[in-house]
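Encoded as structure tokens, the structure appears first; notes follow it.
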Amino acid sequence: MGGVAAVRDNRRAVTTTVLIVDDHPSFRASARRLLEADGYAVVGEAVDGASAIDAAGRLAPDLVLLDVHLPDADGFAVAAALTAARDAPAVVITSSHSGSDYGALVEGSGARGFVAKAELSGAALEALL
Amino acid sequence: MAGMRALRPALAGLALVAAASGVLLMALVMTSDHAGDRWIPLVLGPLIGWSFTGTGLYAWARRPENRIGPLMVAIGFAWLLAELTSTDVDVLHSVGLLAETLPWTILVHMLLAFPSGRVRSRLERGFLFIGYGILLPLQLLFVVTFDPLSQRCGCPENLFLVARADGVADAAQATQSAVGLAGVLALAWVIARRWREAQAGDRRALRPVLLAGGVTVGLLVVTLAADLTSLNDTAEEVIDVAGEIAMGAVPFAFLVGLLRSRLSRASAVAALIERLGAGDGRRGTLHQALADALGEPDLVVAYRVSLPDAGEGYVDADGAPVDLAPTPGTVWTPVELEGRTVGALRHSAALEDEDPGAVRTVAAAAALALENERLQAELRARIEELRRSRARLVEAADAERRRLERDLHDGAQQRLVALALNLRLARSRVEKDPAAAAELLDESREELAHATAELRELARGIHPAILTERGLGPAVGALASRAGVPVEVGALPGERLPAPIEAAAYFVVSEAITNVDRYARAAHASVTVERVNGHVVVEVRDDGVGGADPAAGTGLRGLADRVAALDGRLEVRSPAGGGTTLRAELPCGS
């Protein structure tokens, strides 16, 4: 955990801002608590693809933590839309399924990578950025 | 058949009379002075008369029940009578004058009546009135006022002359021509309409008749128009001769049409029986044989079947459902065997007009063969039902797996994810902030309890452990205790039943109680599971609002398939306001 602390210390000057996109409130709450504890600034939450794209435009976060299964859209399509713009945020896909369930979809979407929900931590995100 | 025996000599007598009259007519015309172009009436007159009587008598003998034959014979004799105008004998000449328009009138009658021999509609009756009620009296008026001697034609005397009135005679003839012309044009319209409305089987018969009739009527129009406009004599004569030649061909066309229209009933049945006897039992053989026997290429054969799902109904030879609603111009005739309806034939309505009872006769002859095909059709329909129900079972299983995946994903899995994140957070705080860590652990325990409860519920939905371990009684008891309304559990089998029966019975009760909770607005429900005559009978009643539609939801449909897969029967009685009873009967030998 020393490594994580070091990273956190490095980042303290420029805190990474995060937008969490998931339709399950329990996950959003847990993720927010966890990431804030790990030194991230959660600047917003969105429950579906449309509001995610809207919030990303408005809040200009450094990072979007994006669930694959959204009520109105496929997370990979949302990732592609989010990363298409200039000054696009980094996108990390997450899911309660394992990353191996999705094969090359993650890479093809323009996302930085995949983190399983149960494996989420500041360090796991840091490794992908 | 006694009628037939009496008919034959009578027809033979008529044939003799026609032959003799024709010969006599020829002799009289040959010795006549006043007919200018003698060979025309000499040859054509008797020939046309004979062609009508000859073909008419043949048609009469072949189809005694059809009136086209007698009408043709009548035209033949009327023609011979009308030809008497060419003779020198006063009385015969006078009779000929009287009969002059009669053959045309009867010809129109026959065109209207073809092929049934009957005139049905008011419009058609209107035509007959114009013919018999207007044209014939006008001819009478003409005859009593017309003096042939005034024509300086060397004609014989008109014995029916009452008072010479040239103006009246001319007016009568002109009116006849005008009315006749209008009538014939209207007739052409009626016949064109009939052609458009005819079924394929009827068109085959109508074609030669309409062709010959059309040519004759066309020439008649030209003749009548010529009468009204007064062409020169040569032109008029050419038209007359052409008209007469066409007229001579008409009866043969009618005969072809009549024999084409349908075989005579007796020979149709004989041919049918022979074909069915030689049949190889292949699908479609019976249909083809029936279609040929009735002269109905568009015939539809429907088999009455009784199916486990669809109940009583009609199917085609492939087992596909057939709609018994009649299409325009067709009717259904039931086929019966030993007092039971085994099928139905859809055929042209004209067929029944033309030869009443013929379809029933043919149907009766084919009933046994139809019964055989019916059993095969029923088998095919049952297989089709089975196939559909099997497909539904697979679909239901797939849908159930999708539902389970979704429930797992949205429920327990989310809770476990949150739990993992909380534990990770607690672990990171346990040293610096033990109180916060303890709070997180409490939350986690609660989350875990929720996840466990959801998994338990899900597992019970897949297959309740209590059913496997303890049997139907305790499982139904548990369902009843969890229900939203009081459920009284009545008789239950004390012993264990085969697992598929127990499962089906359990899910019937489970689905019924779910429906009671969701829709019935009931105050009370009751459940019984009894063994009756080798069956397990499951019954769930409630006192709710009723009106449940088994076809509306997938729940009952899936249940019905599950029960049918065990050769059982599911019944829903749910009158509006009268509560709902769901009853399943499952065969259970042991």
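Since every read-out is calculated from the coordinates, none of them should be taken as a lab result. This one's a predicted model, so the numbers in the text were calculated from it and none came from an experiment. Glycine also receives a Cβ, built like all others from the backbone with ideal geometry; neighbour counts cover every protein chain displayed.
Tabulated data
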quantity: The range B:275-392, relative contact order in percent, only Cα pairs under 8 angstrom and at least six apart counted; calculated: 28
quantity: Beta bridge orientation in the protein assembly as shown: antiparallel %, DSSP, nearest 5; calculated: 65
quantity: Mean separation of Cα contacts under 8 Å, 6 or more apart, over the residue count of the range B:49-114: relative contact order %; calculated: 29
quantity: Relative contact order (percent, whole number), the range B:451-590, Cα cutoff 8 Å, 6+ residue spacing; calculated: 21
quantity: Mean residue ellipticity (222 nm) of chain B, computed from DSSP H runs ≥ 4 via -39,500 (n - 2.57), nearest 500; calculated: -21000 deg cm²/dmol
quantity: Cα-based Rg / Dmax (Å) for the range B:23-160; calculated: 16.4, 49
quantity: Computed label-point distance, nm, for sites B:Ile462 and B:Leu441 using a 7 Å Cα→Cβ extension; calculated: 3.2
quantity: Estimated FRET transfer efficiency when R0 is 56 angstrom, pair A:Ala127-B:Val532 (beta carbons, to 0.05); calculated: 0.25
quantity: Integer Hz, Karplus 6.51/-1.76/1.60 couplings in order for the range B:558-575, x for Gly and Pro; calculated: x, 5, 4, 5, 4, 5, 5, 4, 9, 6, x, 9, 10, 10, 10, 10, 8, x
quantity: Residues of the range A:91-129 with amide N under 19 Å of a point placed 7 Å along Cα→Cβ from B:Leu408; calculated: A:95-103, A:116-119
quantity: Among beta bridges that DSSP assigns inside chain A, antiparallel share in %, nearest 5; calculated: 5
quantity: Low-density loop cleavage sites - trypsin sites (Lys or Arg not before Pro) in the range B:53-154, where at most 15 other Cβ are within 10 Å (DSSP); calculated: B:Arg118, B:Arg120, B:Arg152
quantity: Distribution of pairwise C-alpha distances over the range B:110-154, 5 Å bins, in %; calculated: 6, 18, 17, 14, 12, 10, 9, 8, 6, 1
quantity: Using θ = phi - 60° and Karplus 6.51 cos²θ - 1.76 cosθ + 1.60, couplings along the range B:534-544 (whole Hz; Gly, Pro as x); calculated: x, 10, 9, 10, 9, 9, 10, 10, 9, 10, x
quantity: Value at 222 nm in deg cm²/dmol, rounded to 500, when DSSP H runs of n ≥ 4 in chain A each add -39,500 (n - 2.57); calculated: -12000 deg cm²/dmol
quantity: Pair B:Ser481, B:Ala178: separation of 7 Å Cα→Cβ label points (nm); calculated: 10.4
quantity: In the range B:406-487, the GluC sites (Glu not before Pro) that fall in loop regions by DSSP, at most 10 other Cβ within 10 Å; calculated: B:Glu431
quantity: Magnitude of the charge dipole, chain B, Cβ model with Lys/Arg +1 and Asp/Glu -1, debye to 20; calculated: 1160
quantity: With 10 Å bins from 0: P(r) over the range B:366-453, alpha-carbon pairs, percent; calculated: 15, 21, 15, 12, 10, 9, 8, 5, 3, 1
quantity: Chain lengthening between B:Val331 and B:Glu274 when straightened (0.36 nm per residue, less Cα-Cα); calculated: 17.9 nm
quantity: Rounded to the nearest 20 debye, dipole of chain A from Cβ charges on Lys, Arg, Asp, Glu; calculated: 420
quantity: Under 5 Å, built H, 5+ apart or other chain: amide partners of A:Val42; calculated: A:Val18
quantity: Neighbour-limited loop hits for GluC sites (Glu not before Pro), the range B:304-392 (at most 12 other Cβ within 10 Å; DSSP other than H, G, I, E, B); calculated: B:Glu338
